[in-house]
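**Student:** Here it is, the structure, as structure tokens.
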Protein chains: 2
Amino acid sequence: MDHVVVMAGGSGTRFWPESRMRRSKQFLDLTGRGSMIRETIRRMFPLLRRENVWVVACEKDAPHLSARALGIPAGNILLEPEGRNTAPAMALAVAHIAARDPAAVIAAAPADHAVADERSFRSVLRKCFRLARRTGRFVTVGITPTYPATGYGYIERGTPFAAGGDAVYNVRRFREKPDLPTARRFLKSGRFSWNSGIFFFRIDTFRDRFARFLPGIHAEMESAFRHSGKKTFPARLRAAYRRIPSISVDYGILEKEDNILVVPSDFGWNDLGTWRSLHEFLGKPGENVAFGNVLLSDCRDSLVRSDHGLVAVVGMEDVVVIRCGDAVLVCDRTRSEEVKGIAEEVRARFPHLS
Amino acid sequence: MDHVVVMAGGSGTRFWPESRMRRSKQFLDLTGRGSMIRETIRRMFPLLRRENVWVVACEKDAPHLSARALGIPAGNILLEPEGRNTAPAMALAVAHIAARDPAAVIAAAPADHAVADERSFRSVLRKCFRLARRTGRFVTVGITPTYPATGYGYIERGTPFAAGGDAVYNVRRFREKPDLPTARRFLKSGRFSWNSGIFFFRIDTFRDRFARFLPGIHAEMESAFRHSGKKTFPARLRAAYRRIPSISVDYGILEKEDNILVVPSDFGWNDLGTWRSLHEFLGKPGENVAFGNVLLSDCRDSLVRSDHGLVAVVGMEDVVVIRCGDAVLVCDRTRSEEVKGIAEEVRARFPHLS
């Protein structure tokens, strides 16, 4: 059967002041449609049974995770004692899914991305599930780039994978976030996709590569999993997590693996990494995007959100104004990347307000 | 004796969101030194006895007027039933002062202006008191313009008033707020001062001109004043105010009077008419001015105020950010004039928040 594991362990600060210490991006309603994680799950439902949708998150985020609100069984919410990036998270999910469905094919998906064209998104997913099942390979979803982004990783494609049907390629290599000249070169070459962070695999493939590429973590987790179902399991898992390092599936497994496939796609994907990308996802160039009691007078290209009271903006262009609780952010839209640093400075200088 | 009447009847909206319906500019602490009215009075004290400092304001503002906080006798706070601009206000003050000191010379001063060089300010006041006493003329204080302002009225000077000593002139005429080309011409000619709104007169002069130029209002108020000291006075005054029109001393008397004198001065005067002028009064060009818990990252020429919580501003130039109660204003600094219109729009669209 096909399963999805939604990876909800992140703790973003780029959406300060909305993403305070106590609430990470995946639990925010940035688009006005619902929290990112709920939207991520809702998009999958036409493809999958609810029992086959899983969430991995940190224990500390449990208060934000209502199985009822998410529409999945309570047992499908898997909690890690603390965050160790995606490789341990995925190993935990695979162990749970294997216990029920050893022949599963799994799609791993970040909990905090947005998709404009859901129909096309689901047809890509269907294709990737089939590919992963048939080939036993890791299958990644690439996004056709529209500008020389420096904030995304890239996937370089090699030869076409003939047996995959239309538009499936062997991955030549993964590239970290590039500088601007490199990003321009990538865009021009036509051989690069953005890495969406969505990937597919069969359980047998994952287990084999996890044991081979991350043997230390594998051993720690296997030793904890031997207590699975027993009273001692939570303490064992906690002990294992204290010892294992943070490492992503991308870095720990995919970059070491040959024979990965990429399916270049175009379904209006946006990782909503900054206030700027949220603005670009929600509005056309030149447009303002506003949430809450907001009064805009002669503004352009601005994003304004107010969770209470009133925000009035006069004669501004390219500005982001976010009011959340007792904090207000006013930021040049093109400098949204700097919000992360500001959030850290706030935490240091005004700890009671962060 | 010399007296000052501080005119505190205004109700500004250009400092929204700080100046809500319930609190006008003269009662705000815009500079961080104290409310405008308290500062106005404090500046006068080295010149005058406390008993000779008077305030005229509207009844509705009584909660903001503590004689103790202002440092003057309670009987020196004169309340009008409602606002009718400065001519009726001044007539009311003159009637009270005349009852105690019929030979008084009075300086009328707006309650909401700022002065950078107080020593020089007081020496100008001393000179004007002497001039008004000796000549029996109205004496106005002109401010040497530093740029072609379109937000101020201007005073054009005529011939020097030889008997007045250094730098006293006959007023040629008053000019309303000009357009920009006219303001440039004024500045270039060297013959124009900004009208500070501060003027001096002897009681006998004021009474004579008030009766001559505003006979209708004079008659109404005289008829009320005949009940002065009696229980019936408040009701009579209220009835008179309902019938008399709003009119300023400038428009109703000074513009009709010949033989007015002007003393061109330069004591760092600022009417703090907008957030921009407050910024210019408090900071040097390029500087930021911040009040409250404010975090500025790579900003220039900006004014940021927060009455609670935290405001963070990133990468902005020429911006005004004001957070007061449940309202937040973000405004291009050079368009601060538009805040008045915004305040009116807020009042119409969000009446519970204005």
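The values are calculated or read from the model by the stated rules, or taken from the named source; none is laboratory data. Nothing here was measured: the structure is a model prediction, and the numbers come from that model. Note that each Cβ is placed from the backbone with ideal geometry, even for glycine, and that neighbours are counted across all protein chains shown.
**Student:** Report, by residue number, each residue of the range B:247-263 that is surrounded by fewer than 14 Cβ atoms within 10 Å (Cβ to Cβ) and either farther than 29 Å from residue B:127 by Cβ or among the polar types (S, T, N, Q) (or both).
**Tutor:** Listed by number, the list holds a single entry, B:259.
Matching residues to (1) touching an Asp or Glu at 6+ places or on another chain (Cβ under 6 Å); (2) facing chain A (nearest Cβ under 10 Å); (3) closer than 23 Å to residue B:56 by Cβ; (4) at pLDDT 95 or above:
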{"position": "B:248", "(1), (2), (3), (4)": "no, no, yes, no"}
{"position": "B:251", "(1), (2), (3), (4)": "no, no, yes, no"}
{"position": "B:261", "(1), (2), (3), (4)": "no, no, no, yes"}
{"position": "B:282", "(1), (2), (3), (4)": "no, no, no, no"}
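**Student:** What's the number of the only condition in (1) in a strand (DSSP E or B); (2) of a type in the set (Gly, Ala, Ser); (3) more than 11 Å from chain A (Cβ to nearest Cβ) that residue B:240 fails to meet?
**Tutor:** Among (1) in a strand (DSSP E or B); (2) of a type in the set (Gly, Ala, Ser); (3) more than 11 Å from chain A (Cβ to nearest Cβ), the lone unmet condition for residue B:240 is (1).
**Student:** Any idea which residue in the range A:313-337 is farthest from the other protein chains (Cβ to nearest Cβ), counting only those that are hydrophobic (A, V, I, L, M, F, W, C) and out of contact with any Phe, Trp or Tyr (no Cβ under 8 Å at 6 or more places or on another chain)? Break it down into steps so the answer makes sense when it comes.
**Tutor:** Step one: filter the range A:313-337 for residues hydrophobic (A, V, I, L, M, F, W, C), giving A:313-314, A:316, A:319-322, A:324, A:327-331.
From what's left, out of contact with any Phe, Trp or Tyr (no Cβ under 8 Å at 6 or more places or on another chain): A:313-314, A:316, A:319, A:321, A:324, A:328, A:330.
Values: A:313: 5, A:314: 4, A:316: 6, A:319: 7, A:321: 5, A:324: 10, A:328: 5, A:330: 5 Å.
Once the filter is applied, the top-ranked residue is A:324.
**Student:** Conditions first: (1) more than 8 Å from chain B (Cβ to nearest Cβ); (2) within 18 Å of residue B:306 (Cβ to Cβ). Residue A:288 passes all but one, so which condition is the exception?
**Tutor:** In the conditions (1) more than 8 Å from chain B (Cβ to nearest Cβ); (2) within 18 Å of residue B:306 (Cβ to Cβ), residue A:288 misses (2) alone.
**Student:** I'm trying to understand the selection: among the residues of the range B:222-237, which are touching a residue at least 12 places away in the same chain (Cβ under 8 Å) and either outside any helix (DSSP H, G or I) or in contact with a strand residue (DSSP E or B) (Cβ under 7 Å, 6 or more places away or on another chain) (or both)?
**Tutor:** B:228
**Student:** For residue B:298, are the conditions met, namely being more than 7 Å from chain A (Cβ to nearest Cβ) and either closer than 22 Å to residue A:300 by Cβ or over 27 Å from the mean Cα position of the chain (by Cα) (or both)?
**Tutor:** For residue B:298, the condition - more than 7 Å from chain A (Cβ to nearest Cβ) and either closer than 22 Å to residue A:300 by Cβ or over 27 Å from the mean Cα position of the chain (by Cα) (or both) - is met.
**Student:** Based on what the data block shows, is residue B:321 hydrophobic (A, V, I, L, M, F, W, C), in a strand (DSSP E or B) and touching a helix residue (DSSP H, G or I) at 6+ places or on another chain (Cβ under 8 Å)?
**Tutor:** Considered against the rule, which asks whether it is hydrophobic (A, V, I, L, M, F, W, C), in a strand (DSSP E or B) and touching a helix residue (DSSP H, G or I) at 6+ places or on another chain (Cβ under 8 Å), residue B:321 comes out as no.
**Student:** Tally up the residues in the range A:143-164 that are outside any loop (DSSP other than H, G, I, E, B) and either farther than 20 Å from residue A:6 by Cβ or at pLDDT below 95 (or both), please.
**Tutor:** Residues meeting the conditions: 10.
**Student:** Right, here's the next one. What's the number of the condition residue B:353 fails, among (1) modelled with pLDDT of 90 or more; (2) within 7 Å of another protein chain (Cβ to nearest Cβ)?
**Tutor:** The failed condition is (1).
**Student:** What tally of residues in the range A:249-269 results from selecting those that are small (Gly, Ala, Ser) and touching a Gly at 6+ places or on another chain (Cβ under 9 Å)?
**Tutor:** Of the residues in the range A:249-269, 1 are small (Gly, Ala, Ser) and touching a Gly at 6+ places or on another chain (Cβ under 9 Å).
**Student:** Within the range B:138-152, which residues are of a type outside the set (A, V, I, L, M), buried (at least 16 other Cβ atoms within 10 Å of the Cβ) and either touching a strand residue (DSSP E or B) at 6+ places or on another chain (Cβ under 8 Å) or under 16 Å from residue B:198 (Cβ atoms) (or both)?
**Tutor:** B:138, B:140, B:142, B:145, B:152, listed by residue number.
**Student:** Conditions first: (1) free of Cβ contacts under 8 Å to residues at least 40 places away in the same chain; (2) surrounded by 19 or more Cβ atoms within 10 Å (Cβ to Cβ); (3) more than 30 Å from residue A:327 (Cα to Cα); (4) among the small types (Gly, Ala, Ser). Residue A:219 passes all but one, so which condition is the exception?
**Tutor:** Unmet for residue A:219, out of (1) free of Cβ contacts under 8 Å to residues at least 40 places away in the same chain; (2) surrounded by 19 or more Cβ atoms within 10 Å (Cβ to Cβ); (3) more than 30 Å from residue A:327 (Cα to Cα); (4) among the small types (Gly, Ala, Ser): (2).
**Student:** Evaluate the following for residue B:307: is it in contact with a Cys (Cβ under 9 Å, 6 or more places away or on another chain), under 23 Å from residue A:310 (Cβ atoms) and at pLDDT below 95? Please lay out each step first, then the result.
**Tutor:** Values: in contact with a Cys (Cβ under 9 Å, 6 or more places away or on another chain): yes; under 23 Å from residue A:310 (Cβ atoms): yes; at pLDDT below 95: yes.
Yes: the conditions hold for residue B:307.
**Student:** Moving to a separate point now. Residue by residue through the range A:295-318, note down the ones that are surrounded by fewer than 24 Cβ atoms within 10 Å (Cβ to Cβ) and assigned to a strand (DSSP E or B).
**Tutor:** A:295, A:296, A:297, A:300, A:305, A:306, A:310, A:314, A:317
**Student:** Shifting gears a bit: Which residue out of B:94, B:105, B:56 is at pLDDT 95 or above, under 13 Å from the mean Cα position of the chain (by Cα), closer than 25 Å to residue B:237 by Cα and β-branched (Val, Ile, Thr)?
**Tutor:** Only one candidate qualifies: B:56.
**Student:** Looking at (1) free of Cβ contacts under 8 Å to residues at least 24 places away in the same chain; (2) under 26 Å from the mean Cα position of the chain (by Cα), can you tell me which one residue A:339 breaks?
**Tutor:** The failed condition is (1).
**Student:** Next question, about the same structure. Could you tell me which of the residues A:305, A:276 is under 25 Å from the mean Cα position of the chain (by Cα) and either facing chain B (nearest Cβ under 7 Å) or under 30 Å from residue A:199 (Cβ atoms) (or both)?
**Tutor:** Values: A:305 fails: either facing chain B (nearest Cβ under 7 Å) or under 30 Å from residue A:199 (Cβ atoms) (or both).
Checking each option against the conditions leaves just A:276.
**Student:** Further question: How many residues, within the range A:319-354, are surrounded by 22 or more Cβ atoms within 10 Å (Cβ to Cβ) and either among the polar types (S, T, N, Q) or assigned by TED's automatic domain parsing to the domain that holds residue A:32 (or both)?
**Tutor:** 1
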